[in-house]
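Participant: Mind having a look at this structure? Questions to follow.
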């Protein structure tokens with residue numbers, strides 16, 4: 001029979017996970033609506049493709065800088081304080097969209113919001129590690145989190161589309177996200193967080209992420225994330241521009257291609273939590289990355305009518321890739337360094353999120369056809385599939401993950417649920 005302490009601990013863990021779910025859905029409303037915002041910004045300010053992509057570059061630059069420089073805060077000052085600081089910065093950056101009409105002002109606000117995202121995301125990812133009782137559970141929970149991120153990625157573009165159709169400003173999506181963030185700040189402030197399972201012998205330092213960067217394990221997972229993000233950016237950043245001029249039999253499908261992509265990605269992530277509870281993570285990554293790469297090449301070799309089907313379909317197979325790669329990379333390290341390694345992997349992610357769309361925009365502009373952006377995305381997807389094949393063949397991280405399951409993850413399992421305060 002469960003004691004009251006057991007029940008309270010389980011409820012506390014569930015509530016904290018729900019908070020993280022809501023955080024990811026909230027910031028996805030802005031970051032993943034950029035593909036629908038950019039065409040509006042290009043028209044409003046009369047920009048080229050490369051300059052229009054500044055909305056992507058600014059946010060991801062902010063996330064990357066804070067991830068590599070401030071991810072250690074989650075290990076130094078605690079998960080709760082770190083999350084609150086990041087949420088406050090994001091809320092401020094989003095709310096100030098109501099006060100400006102200048103492109104550079106918006107770019108600065110997006111950079112500030114990105115800094116906040118990098119801080120609270122590192123803190124929330126470290127928190128999920130604290131709440132997980134095994135590396136497998138960690139990966140499964142991360143797929144659930146990214147599933148809610150996918151829900152936010154559906155809502156954001158829908159809000160932008162509604163605002164534009166109704167004659168309102170696209171800026172409204174940032175104001176909605178800022179309001180949600182204010183509520184999350186209040187809920188986080190009132191929540192009770194668990195004590196760390198593993199106490200560090202010395203405080204985490206700003207250079208922690210750089211020390212971790214010397215580990216080949218970090219480079220493997222960082223490279224995999226960079227390739228994934230490069231492929232994904234081809235869809236949600238440049239696919240709307242590529243399909244905008246399509247006038248064939250499937251115009252409605254083309255118009256909603258990114259929304260369909262996000263729906264399939266969100267659905268696949270919830271399915272991914274189920275898959276990872278039953279199959280080895282390396283097998284899941286191999287199959288999904290291979291299918292994603294194949295669909296990319298079908299879109300590239302076909303015309304816009306083929307791409308209208310193939311590009312959204314990649315979402316189902318992309319869905320499981322990011323959360324599984326990210327969580328497994330974090331799980332390779334002890335929980336006392338989860339904030340730092342989460343920040344480092346997030347930095348790798350953001351480097352790709354900045355430079356991959358920039359390269360795609362530049363090559364599309366140089367060739368006079370945004371189809372070249374999709375071709376570059378197909379190359380990134382193929383390289384990721386090859387990396388996943390190597391991982392499947394040699395299983396280089398199996399022993400390290402097994403050690404973590406016995407170590408601090410095992411300690412969390414022994415304490416749960418009564419170990420929650």
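Participant: In µm²/s, what is D for the range 176-319 at 37 °C and 0.692 mPa s, where D = kT/(6 pi eta Rh) by Stokes-Einstein and Rh is the Kirkwood radius from Cα pairs?
Facilitator: Using the Kirkwood radius from Cα pairs, D works out to 176 µm²/s.
Participant: Here is a follow-up. Of 36, 324, 30, how do they rank once you tally other Cβ atoms within 10 Å and put the fewest first?
Facilitator: Result, fewest neighbours first: 36, 324, 30.
Participant: Give me the distance between the Cα centres of the range 40-95 and the range 280-329, rounded to whole Å.
Facilitator: The range 40-95 and the range 280-329 have Cα centres spaced 26 Å from each other.
Participant: By what distance, in whole Å, do the Cα atoms of the chain stretch along each of the three principal axes, largest value first?
Facilitator: 63, 51, 43
Participant: Okay, next question. Simple spin-label model, 7 Å along Cα-to-Cβ: residue 252 to residue 403 in nm?
Facilitator: Rounded to a tenth, the inter-label distance reads 5.7 nm.
Participant: Further question: Place a label point 7 angstrom from the Cα of residue 215 along the Cα-to-Cβ direction, then list the residues of the range 317-345 whose backbone nitrogen is under 15 Å away.
Facilitator: 326-345
Participant: Next question. Once the mean 1/r over all distinct Cα pairs of the range 58-152 is inverted, what Kirkwood radius in angstroms do you read off?
Facilitator: Across the range 58-152, the inverse of the average 1/r is 14.0 Å.
Participant: Here's something else I'd like to know. At a 10 angstrom cut-off on C-beta neighbours, averaged per residue, how do the peptides 307-314, 383-390, 232-239 rank from highest to lowest?
Facilitator: Order by mean packing, descending: 232-239, 307-314, 383-390.
Participant: Taking 0.36 nm per intervening residue step and subtracting the Cα-Cα distance, what contour gain separates residue 162 from residue 47 on full extension?
Facilitator: Result: 39.1 nm gained on full extension.
Participant: Fewest to most neighbouring Cβ within 10 Å: what's the order for 403, 328?
Facilitator: Taking fewest neighbouring Cβ atoms as first place, the list is 403, 328.
Participant: So if each residue of separation counts as 0.36 nm, and I subtract the Cα-Cα distance between residue 108 and residue 283, what length gain in nm does that give?
Facilitator: That pair, residue 108 and residue 283, stretches by 58.8 nm at full extension.
Participant: Inverting the mean 1/r over all pairs of different Cα atoms, compute the Kirkwood radius of the range 33-81 and quote it in Å.
Facilitator: 12.7
Participant: In addition: Give the average over all directions of the projected area of the C-alpha convex hull of the range 253-386, one decimal, in nm².
Facilitator: 8.7
Participant: Then there's this: Considering only 104, 26, 360, give the residue with the highest GNM mean-square fluctuation for the chain, with springs between Cα atoms whenever their separation is below 10 Å.
Facilitator: 104
Participant: Let me ask something else. Tell me the label-point distance for the pair residue 169, residue 81, using the 7 Å Cα-to-Cβ offset, in nm and rounded to one decimal.
Facilitator: So the two model labels end up 3.7 nm from each other.
Participant: Rounded to the nearest 10 degrees, what's the angle between the helix 216-233 long axis and the longest principal axis of the chain, both from Cα atoms, 0 to 90?
Facilitator: It works out to around 30 degrees.
Participant: May I pose another question? Relative contact order (percent) for the chain, with alpha-carbon contacts under 8 angstrom and 6 or more residues of separation?
Facilitator: RCO, the chain: 29 percent.
Participant: Give the average over all directions of the projected area of the C-alpha convex hull of the range 6-104, one decimal, in nm².
Facilitator: Mean projected area for the range 6-104: 8.1 nm², to one decimal.
Participant: Hey, rough spin-label estimate for residue 271 and residue 92, points 7 angstrom out along Cα→Cβ, what's it come to in nanometres?
Facilitator: Distance between the two pseudo-spin positions: 4.3 nm.
Participant: Another one. Tell me, what does the Kirkwood hydrodynamic radius of the range 236-278 come to in angstroms if you use every pair of distinct C-alpha atoms?
Facilitator: Kirkwood hydrodynamic radius for the range 236-278: 11.8 Å.
Participant: Order by neighbour count: 130, 405, 369, 102, fewest other Cβ atoms within 10 Å first, most last.
Facilitator: The order, fewest Cβ neighbours first, is 102, 369, 405, 130.
Participant: Mind checking the angle between helix 34-45 and the chain's longest principal axis? C-alpha axes, 0 to 90 degrees, to the nearest 10.
Facilitator: Orientation of helix 34-45: about 40 degrees from the principal axis.
Participant: Among 269, 133, 46, which one shows the biggest mean-square fluctuation in a GNM of the chain, springs joining Cα atoms closer than 10 Å?
Facilitator: Residue with maximal mean-square fluctuation among 269, 133, 46: 46.
Participant: Using alpha carbons only, how many degrees (0 to 90, rounded to 10) separate the axis of helix 54-70 from the longest principal axis of the chain?
Facilitator: 20
Participant: Length gain on complete extension for the stretch residue 182 to residue 386, per 0.36 nm per residue less the alpha carbon to alpha carbon distance?
Facilitator: Contour length minus the Cα-Cα distance gives 69.2 nm.
The numbers here are math on the coordinates, done by the rules we state, and not lab data. Quick caveat: nothing in here was measured; it's all calculated off a predicted structure. Backbone-built Cβ (ideal geometry, glycine too); neighbour counts: all protein chains shown.
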